[in-house]
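The values are calculated or read from the model by the stated rules, or taken from the named source; none is laboratory data. Keep in mind the model is a prediction, meaning the values are calculated, not measured. So basically every Cβ, Gly included, is an ideal-geometry build from the backbone, and we count neighbours across all protein chains shown.
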Amino acid sequence: MAELQLDNVTKVFEDDDGEIVAVDDVSLDIDDEEFLVLVGPSGCGKSTTLRMIAGLESVTSGTIRLGDELINDKRPQNRDTAMVFQSYALYPHMTVRGNMAFGLEESTDMSDDEIDQRVTNTAEMMGIEELLDRKPGELSGGQQQRVALGRAIVREPAAFLMDEPLANLDAKLRAQMRTELQRLQEDLGVTTIYVTHDQTEAMTMGDRIAILNDGVLQQVGTPLECYHEPANQFVAGFIGEPSMNFFEMELEDGRLVGENFDYELTDEHREAIDGTERVVLGIRPEDIVVDNTDDDTHTYAVTIDVVEPKGDENNVHLTFDPDDEEPETFVATVGGMRRVSAGDRVDAEIPSEAIHLFDARTGDALHNRSMSTAEQSEFEF
Amino acid sequence: MAESTTRRGPGLNRIALYVALLLMVVVYLSPLESGIVTAFKTQQGFFETSPFAPALGEFTVDPWFEAFDRLRSGLVNSLLFTIPATVLSALFGSLAAYGLTNTDWKGQTFVLMLFIAGIFIPYQSVLVPLSQFWATIVNPAEIFAFSDPLANRSGLIALLVTHSAYGIPICTLLFRSHYKSIDTSMLEAARLDGAGIAKIYWRIILPLSIPMFVVTLIYQFTNIWNDLLFALVLVGNPANDVVTMELSALQGSMVGQYNLQMAGAFITALPTLLVYIIFGEQFAEGVAGGGA
């Protein structure tokens, strides 16, 4: 068990057309026993980062330490990490027992009896003891996934590296395994880095999440920090489903002027903007109040373009110009019991305490939503 | 469509199909049939009956015994170098394919190109350099001078090494196509599990290549067993004559003893036939899927 430190880690791939910077100067400290989720769109460098930690890719520059020990130039087999792959990467010609024992046979001096004992214990903990004598081809996807996890756990490594391990499961099983994986990690207390492109997994599983884009680390924080206090427009848009709505606006006479609507700012907002002329206003779908509005200055008449019922709530796509063929829309969520239908004219309020403001040029956050309206007891930052 | 056809004329298409199949059977099997019946005829019977007619009055099994007797030492010699050459070319091909496919190093493409080029070198173009090589540069008779059994078989040793080397490129290509389909992350998992490059080959790649080994073994065995050209050039001592050489010697100089030649041809072909029969199923599996 150990903490993992990445300092200014960079990975450059040499290509025929020149160099590609896959990971750009990433620094991350992962605490002992922490569950860190590395999240970002595909091609953002998250898998490359994980593979550098595993030793499957060389590090162009920067250092990686596991428990105070520099592991940059160590061979993968000497790094004391275990990885779970998206494809599970089980050895098809070996039984489950063989798969789980392989790493112990290759990397330790343990006797056959000890290995067998440990494999059996781990299999019991994972609930796969009745699968031990089967081959991977005879197992379902979920069972293979469990075996792949078991194979990593049985090694008792200093760190788990997981590369989208749930991506090949169907939605229901994925949700179930999410919980199980979290509980398992908590019980074992092994430092874990979990790579995913799925922001739901990031939000629900991680102690902290690190968001990568184009090889650059955007923000590291608890899921709720990243959700409510995004460092920039990319994080704000990436975390949360449906995504935050963005409106690009100009600052004129202390108020924001946009294509479809103007927005009155508070003193606090003006101070945060500090003269930046082009600003992006962000508002999360659940913060938009549809009808029952109580603040006239921030309420606008809009038309419902599309309704996506989800049962517990509805995603309502709203537009300012309903006559357009393909109108620009923004999304609000309303309760599932509300009757809303496409074509309705409604009032939509964008509450001033819930807005985020970003610098339109750099994307940096200038102002994040006020937490005063949220129930503080729920959030422990 | 199929239904209406069956209703109109019961199986006119079927009849045509069977006639066509029957014709093909006749075309393919008639030489074999002719060969077999000839092998059971006396010389007299061969001259008096049609080549396809069975030997009724002039039936004999003597040609078989005589052919086997004259081919026996050739059969032994052929087995002596064909089996090791087959195994070696498959093994080296598999190792080379592993190194060229599942590992990553500079200059890989160039080496692979050399291997591919090796497939297309015709036997005839290397005959002279090959005989020079085995006569002057590396002479097995001199190298193994300390051991008579080996020194006396220098021609077979030369054949063994030559065929092993000649077979490596095509075996490499066959294995490579299989290894390219192996999941990279599985090999990465093995590396993380602590297995080195040799252990990964031994414990993962090799067990997963068994279907491909069957393919290459059958292919190489047939090729090497049937070769006459290299044997003619490299075997000097008549005691080392391989089976293909002895088969061609059955032809005789004055009168063609066709019954003897036919029996000899069947005896010579028997080992390759056996290999196909024994490994046929795995062969089809290896060619079709190559998977585990």
Task: Within segment B:156-196, tally of residues that are crowded, with 19+ Cβ neighbours inside 10 Å, touching a Gly at 6+ places or on another chain (Cβ under 9 Å) and outside any helix (DSSP H, G or I) - done: 3
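Residue-by-condition table, conditions (1) part of a loop (DSSP other than H, G, I, E, B); (2) surrounded by fewer than 20 Cβ atoms within 10 Å (Cβ to Cβ); (3) modelled with pLDDT of 90 or more:
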residue	(1), (2), (3)
A:Met203	no, yes, yes
A:Ile211	no, no, yes
A:Cys226	no, no, yes
A:Phe246	no, yes, yes
A:Glu259	yes, yes, no
A:Thr276	yes, yes, no
A:Glu286	no, yes, yes
A:Asn292	yes, yes, no
A:Gly311	yes, yes, no
Open item on the list: Residues that are touching a helix residue (DSSP H, G or I) at 6+ places or on another chain (Cβ under 8 Å), in contact (Cβ under 8 Å) with a residue 60 or more places away in the chain and within 24 Å of A:Gly189 (Cα to Cα): does segment A:87-95 have at least one?
Closed with: yes
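Name every residue in segment A:111-142 that is charged (D, E, K, R) and more than 10 Å from chain B (Cβ to nearest Cβ), in order of residue number.
Result: A:Asp112, A:Asp113, A:Glu114, A:Asp116, A:Arg118, A:Glu124, A:Glu129, A:Glu130, A:Asp133, A:Arg134, A:Glu138.
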Open item on the list: Would you confirm, using the coordinates I've provided, whether A:Thr191 is surrounded by fewer than 17 Cβ atoms within 10 Å (Cβ to Cβ) and β-branched (Val, Ile, Thr)?
Closed with: no
Open item on the list: Restricting to segment A:143-156, and then to whatever is within 20 Å of B:Ile200 (Cα to Cα) and part of a loop (DSSP other than H, G, I, E, B), can you tell me which residue is farthest from the other protein chains (Cβ to nearest Cβ)?
Closed with: A:Val154
Task: Residue satisfying all of: in segment A:8-30; more than 18 Å from the chain's Cα centre (by Cα) and charged (D, E, K, R); surrounded by the fewest Cβ atoms within 10 Å (Cβ to Cβ) among these - done: A:Asp16
Task: Set B:Ser185, B:Ser177, B:Ser147, B:Ser125: member being assigned by TED's automatic domain parsing to the domain that holds B:Phe230, of a type outside the set (D, E, K, R), farther than 30 Å from A:Glu57 by Cβ and at pLDDT 90 or above - done: B:Ser125
Open item on the list: Among the residues that make up segment A:9-19, is at least one of them assigned to a strand (DSSP E or B) and more than 29 Å from B:Ser181 (Cα to Cα)?
Closed with: yes
Open item on the list: I'm checking my understanding of the structure. Among residues of segment B:188-238 that are out of contact with any helix residue (DSSP H, G or I) (no Cβ under 6 Å at 6 or more places or on another chain) and aliphatic (A, V, I, L, M), which one is farthest from the other protein chains (Cβ to nearest Cβ)?
Closed with: B:Leu232
Open item on the list: If I filter segment A:87-100 for residues that are surrounded by fewer than 22 Cβ atoms within 10 Å (Cβ to Cβ), at pLDDT 90 or above and under 26 Å from the mean Cα position of the chain (by Cα), do I get at least one hit?
Closed with: yes
- [ ] Grab the strands (runs of 3 or more DSSP E) fully contained in segment A:338-381, keeping just those with 1 or more residues being modelled with pLDDT of 90 or more, under 25 Å from the mean Cα position of the chain (by Cα) and among the charged types (D, E, K, R).
- [x] A:356-359
- [ ] Would you check if there is a residue in segment A:333-347 being among the small types (Gly, Ala, Ser) and either closer than 18 Å to A:Phe247 by Cβ or touching a helix residue (DSSP H, G or I) at 6+ places or on another chain (Cβ under 7 Å) (or both)?
- [x] no
